[in-house]
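Where a number appears in this text, it was derived from the coordinates with a stated rule and is not lab data. Since the model is a prediction, treat every value here as computed from it, not as a measurement. Glycine also receives a Cβ, built like all others from the backbone with ideal geometry; neighbour counts cover every protein chain displayed.
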C-alpha cells in the first residue's frame, strides 16, 4: 500500500524505515512544519538523514501530506487531550477521501470515538489502532472476534516507561527522580515524561478499551477515568509491598464502565508483575477465562511493527 | 451459522451447549456410533441428556451428520496419528460440499497439512484451527497478519495436563504416579493420558505450527519432531532445578524447521513457567520482539469457546 505518514518523531521515522520490508511504499511524510511527497515513493533514508541535519522533513507545506497520493494514512503525531486535534482533522481528511487510517496516536479513539466511527461509516476507508493498546498480538481484533459483550474486564500495565521506573525503584531501592533521569539517559523516557508518569497515557488506553467494549450509545474520554500516577509513590511503600511478596505496578482497569488508573499491589509471581519496559494486557473473557498477553517492550521499532501489521491487515481485507 | 458437530466427547458436548449463546444453531451431532440431525435445530440439552442415560447420541447413522444441512463442520473427534483418519475424511466431505470447517482435532493440520490446504483451495469453504494451538487469543491469525516469514521462533507449554503434573510435582514434592492419579480424580486427565504425558499432543501442536510457518513446498508431521515426555523425570531433577532458581516445563519448540518436545529448565520467573493447567505460547517476531500469551486453562469450556470464536470469524468474513 502507499502510505502517508503524519508525524516524523521516533515512531513515524521507524514506520518509514520499515515500510519497504513490509511491502509498502511511503509516498508522503510530514512533521508539524513541513512535508515531502512523491507519488512514486519517497527516498526515506535521504529524507530522514536530511531531517537529522536540517531539522525539517522537506520543503513542502505540512498539509501536502494529507492531500498526497496514498492508500493509508498513518497518524503518529503526539497524543493530545481535549478535542484530539490536530490528529482528528487528519483522520477526517483521509476518511472523506475514502482512504484507510492506522493510528499510533491514542487521542482520536480515546477522546472522540463516536465522531471517528461516524466518519468511518460514511467512508470506504477503515480505521485500525492496535498500536494504541499494546504489542503485536491483536487485542482489539480478539475483542471483535469473541464479541465485546463477552469481555468481562480488561486490565494491564500499558505504559512501558512507568513500568520501567517502578520496577527499577523496587529492584534497586532507588528514588523516583534518580530512576527517571536514568530512563532519560537510556532514551526510554522522552524529555517530558508527564503523560507517562502521571497516568494520562494509561488513561487514554483505558478510554479506548472502554469505548471498544461500550454499547453504541455510550462514549468515554479520559475525563471518565479516575487517575493516579506514580510520581508520589514513596520508596517505603515499595519496600512494604515486597516484604509481603507483592510488588507495585501502574495498572489501568476497565470493568462495567468503570475506568481506573492507579499504582496497585500485585503478587510478585502474577502475570501482571512484568518488569522493565514490558507491557501486559489481561483479558477476562466469558467461557474463555483469563488470558494474559505480555510484550517485551514498546520501543519505536515494536510500535512501528504493530502499525505496519495493521496496514497488512487492511491490505488483506 | 448452522453447525454439524462431529464428536460428542467433553469438547463436542460443550460446543453444542454454548453454540446458541454465540448465535449459532446445531443442526447435527454425531459420535462414532450414531447421530442426530435436525435442519431446524437439534434440541441440544435433550440429546446430551439422552446420551448420558443411554450412551448413544441418537438413532441415525453416524455418517448422517456429514450429509446433514450445515454451514460449518466442527471436527472434535480425538486426535490420531498416521493418516489423521477418520477426521481427514470428515473435513474432505465438508470442503467438497463447499462448507467451512473448524478443528479441535489436531491431527489433520499436524499430519496432512498440504492435503487439507489443497482441498481448501478447491472449495468455497475455509478451515480454521485456533483451538489446536492454545487459548482464545488468535496465535494463528497473528502469524498470518505479521507474515509467517517474520516469525523467528515459537515455543510454549501447550499441554495443560503435563504442566499440571510437573508443577504439582515441583510444588509438593510428589511423585509422577501420585500426581497423575490426582489429576484423574480432578477430571483434568483422561483415563488414558498417554498422548499428554509422553509429549505426543505437544508434538502435534509443534507440527501444526511448523506447517503454518513453512514454505509451501515443505511439510511436517509428528515424525519430524524429536519427542521426550515427562513420565521418566525423577523428583530429584525437579529439586535440583529449584535449588538453582529454575523449574522444569514440558516445552514444544519450533525454530528453523527444527521441532522439539522435551522437559526443559526455565527460570522460575520466566513467562514460560506457568503453573497448574495453564498454557503459554511465546512468539519471537522480527521487529516486534518477544510476545507471550498465557491462557488460564484449556478446559472443555475454554476450548469450546475458542472453536465458537473461529465460527464467529468465518461468519464475519
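Annotations for the structure displayed:
- The range B:208-296 shape via C-alpha gyration tensor axes, a/c threshold 1.5: oblate
- Segments B:139-146, A:207-214, A:296-303, B:190-197 sorted - mean Cβ within 10 Å per residue, highest first: A:207-214, A:296-303, B:139-146, B:190-197
- Shape analysis of chain A based on the Cα gyration tensor places the equivalent ellipsoid semi-axes at 33, 24, 16 Å, largest first.
- Computed over the range A:141-295: relative contact order in percent, which uses C-alpha pairs under 8 Å that are six or more apart: 33
- Remark: mean inter-chain Cβ contacts per residue of A:59-70 equal 0, using a 10 Å Cβ-Cβ cutoff to other protein chain atoms.
- All Cα pairs of the range B:147-295, percent lying beyond 19 Å: 52
- Normalised by the number of residues in the range B:237-293, the average gap of Cα pairs under 8 Å and 6 or more apart makes the relative contact order 23 percent.
- Whole-number percent relative contact order across chain B, with pairs defined as alpha carbons under 8 Å at least 6 apart: 19
- In chain B, the DSSP-assigned H stretches of four residues or longer account for a calculated mean residue ellipticity at 222 nm of -11500 deg cm²/dmol, using -39500 (n - 2.57) per stretch and the full residue count as denominator.
- For the range A:141-295, the share of DSSP beta bridges that are antiparallel, to the nearest 5, is 90%.
- Residue B:226 versus residue A:223: modelled label distance in nm, points set 7 Å from Cα along the beta carbon direction: 6.2
- Other protein chain Cβ atoms within 10 Å, averaged over every residue that makes up A:300-307: 3
- Cα gyration tensor shape for the range A:165-206, rounded if a/c is under 1.5, else prolate or oblate: oblate
- Rounded if a/c under 1.5, otherwise prolate or oblate - the range B:1-70, Cα gyration tensor axes: oblate
- Only beta bridges with both residues in chain B are counted; by DSSP, about 65 percent of them are antiparallel.
- Shielding by partners - mean other protein chain Cβ count within 10 Å, residues of B:140-151: 4
- Kirkwood hydrodynamic radius of the protein assembly as shown, Cα pairs, Å: 25.9
- DSSP beta bridge pairing in the protein assembly as shown, given as percent antiparallel to the nearest 5: 65
- Span from the the range B:173-231 Cα centroid across to the the range A:7-83 one, whole angstrom: 49
- Rounded to 10°, Cα long-axis angle of helix B:10-19 versus longest principal axis of chain B: 60
- Stretch gain in nm, segment residue A:194-residue A:237, where the contour uses 0.36 nm per residue and the Cα spacing is subtracted: 13.3 nm
- Put simply, when A:158-171, A:229-242 are sorted by average Cβ atoms within 10 angstrom per residue, most first, you get A:158-171, A:229-242.
- Cα-based helix-to-principal-axis angle, B:200-213 vs chain B, degrees rounded to 10: 80
- Selected from A:40, A:13, A:64 as most flexible by GNM, with chain A as the system and alpha-carbon contacts under 10 Å: A:40
- Semi-axes of the equivalent ellipsoid of the range B:155-243 are 28, 15, 10 Å, computed as sqrt(5λ) over the eigenvalues of the C-alpha gyration tensor in descending order.
- Once the Cα atoms are used to define both axes, helix A:176-186 deviates from the longest principal axis of chain A by about 40 degrees.
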